[in-house]
Amino acid sequence: MFKTNNVASRIFERQIRTPAPGTSVHSARRFYENLVPSFTIYDVECPDHSFFKFTDDGQYFVCFSRNRQDLIVYRPTWLSFSCKGEDCDNNQELPPQAKRFESFFTQLYVKPLASCNELICKDFFLYMESNQYGIFATSTAQIQDARGTDGAILGVPSFEKITIHLFRLEDGFKLDEKVFHNDCVNLTHNMGAFLYDDLLAVVSLRYQTIHILQIRDSGNLVDVRAIGAYCREDDELFINSSSQLAGNRGDLVDNGTNHDQPNSNNSFLSGIKQRLLSFIFREIWSEETDQTQRVQCLKKKFYFHFQDYVDLVILKVQFLDRHHLLIKFGSVDVGASRNTDQLPAFFAVYNMETTEIVAFYQNAADELYLLFERFCDHFHATSINSMYMNFISSHSNNIHALEQLKSMKNKATSVSQFVKKMLSSLPLNCQSMSPSPYFDQSLFRFDEKLISATDRPRQSTDHPIRFISRRQPNILKFKIKTGPEFGGADGRSKKYSHFLFHPAWPLALSFIQPSLFLPPSAVNIHFRR
């Protein structure tokens, strides 16, 4: 389909030809080869906000106030302006009124989000597309040397209060909230939470609990289950009743003279840890059929490493589907380190309905890497109702991304280290990639060192970022410059660049930051004129 690059001819072809079954969306996305950002407004006049991201359906643009107290939401609109004169179409200059942020975005509302002693977590936002709900987070200041409390693990900082807020983005109405007291949830880049359909998983690092919440259509956050110390809803009741019964028997034997013994509950491992250890034991047990060899194998692989397994902590989690979780286990040091691929870690697949561990891998396991390479889309676990997120390029759905991955693997000095590096991204951060068609690797080729679908500031460059056609390898479709004439005279001060692409329109924003911790020194808008 589409033998020509002329957009009028393509529209005519679309009317008279029918694409192959299941390819209608991919065929429609090829129109983006003609509809590209072709014009840039540099150093746009814009409000002093912390610009965060477009929602996945492109309906809203989410921002926060600089003092991290207020939520500001805009509606993206297309530029419109009037021009006097005979040569308006050929005039490269836009009128001054068109070079403003408000020409592209209409403010819907400003709503207070954080209380006086809390701040908005400016790297956290999840969007429920089916209901147009937004999930935000606020927290108090971090307490580094937090006192150990019952059930809390050492070495993890604490926050006096962490609040998960549920908003209706249409009008900014707050629907519900979930509060965690004296806890720690890693909210940077959505690492500590994962949204799948109407289910939200939140990982408490301090108390080693996975909270599963359901977002009802009515706008309520409902506790479904908590996985950690207990796996089933009645586990706590059963253990407490058993302990009470054992205590009563002890009173009958010693007439209450044994009160100095510690509570037997304190010697129990958590429910999820019990499931993990029993799975590892059974797997090692089934490796050998000979009883003598089996005992030796258990000594070497299980009992020798028993304390290491016991000391593992839950670091991160994601949904694979409505019933299965992918859980990353490691040490507290792994959670605090940036270079996690060099530290030992383990992955477990947990069935929430049966409360069983169904698979367990080390972070250098070739079996898990092959699954990740061939079925990467399953790890993204996007909602089937999402219109745009199901078309993000990955090495399991795009031949060009797969070739790039294999090239990286062939260039790696150590295959084991390469596998560790690739698996260090698991579990994947929720909604961390842009669904923009300009990152579709079947349509465009670009330098992923300079720009990619992953939302992160990158080292800035004085050269324009080029988007080359895949079907015509030598044809430049468009390029994005972060400043006039490759950055101009002040190019030396521009160290980091950050891009936000609209998920459907030929519209993008670029931000130039002198430092990762400072506000942008310039904001540019790239669009099709």
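Okay, residues lined up against (1) open to solvent by 50 Å² or more (accessible area, probe 1.4 Å); (2) free of Cβ contacts under 8 Å to residues at least 12 places away in the same chain; (3) closer than 27 Å to D57 by Cα:
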{"position": "Y133", "(1), (2), (3)": "no, no, yes"}
{"position": "T138", "(1), (2), (3)": "no, no, yes"}
{"position": "C184", "(1), (2), (3)": "no, no, no"}
{"position": "M191", "(1), (2), (3)": "yes, no, yes"}
{"position": "Y207", "(1), (2), (3)": "yes, no, no"}
{"position": "Q214", "(1), (2), (3)": "no, no, yes"}
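Within the range 122-131, if we keep just the residues that are closer than 13 Å to N186 by Cα and modelled with pLDDT under 95, the residue that is surrounded by the most Cβ atoms within 10 Å (Cβ to Cβ) turns out to be K122.
Evaluation of D150 against the conditions (1) within 22 Å of L113 (Cα to Cα); (2) assigned to a loop (DSSP other than H, G, I, E, B); (3) out of contact with any strand residue (DSSP E or B) (no Cβ under 9 Å at 6 or more places or on another chain) shows that the sole unmet condition is (1). Out of curiosity, is P503 in a loop (DSSP other than H, G, I, E, B), modelled with pLDDT of 90 or more and not aliphatic (A, V, I, L, M)? Criteria met by P503.
Which count do you get for residues in the range 15-46 that are aliphatic (A, V, I, L, M) and in contact with a Pro (Cβ under 8 Å, 6 or more places away or on another chain)? Steps first, answer last, please.
Applying the first criterion (aliphatic (A, V, I, L, M)) to the range 15-46 yields 16, 20, 25, 28, 35-36, 41, 44.
Imposing the further condition that a residue be in contact with a Pro (Cβ under 8 Å, 6 or more places away or on another chain) reduces the set to 35-36.
Total satisfying the criteria: 2.
Cβ-Cβ distance below 6 Å, separation of 6 or more or different chains: which pairs start in the range 96-120 with a residue that is within 30 Å of N186 (Cα to Cα) and modelled with pLDDT of 90 or more and end on one that is open to solvent by less than 70 Å² (accessible area, probe 1.4 Å) and part of a loop (DSSP other than H, G, I, E, B)? The qualifying pairs are Y109/G172; K111/G172; A114/Q69; N117/T140; E118/T140; I120/L113; I120/A114.
Go through the residues of the range 434-446 one by one and say whether even a single one is among the charged types (D, E, K, R), touching a helix residue (DSSP H, G or I) at 6+ places or on another chain (Cβ under 7 Å) and touching a residue at least 60 places away in the same chain (Cβ under 8 Å). Scanning the range 434-446, I find at least one residue that is among the charged types (D, E, K, R), touching a helix residue (DSSP H, G or I) at 6+ places or on another chain (Cβ under 7 Å) and touching a residue at least 60 places away in the same chain (Cβ under 8 Å), so the answer is yes.
The values are calculated or read from the model by the stated rules, or taken from the named source; none is laboratory data. Everything numeric in this text was worked out from a predicted model, so none of it was measured. Every residue, glycine among them, receives a Cβ derived from its backbone with ideal geometry; neighbour counts consider all protein chains shown. Areas reflect the complete protein model, heavy atoms only, side chains present, ligands, DNA and RNA absent. Shrake-Rupley method; radii C 1.70, N 1.55, O 1.52, S 1.80 Å.
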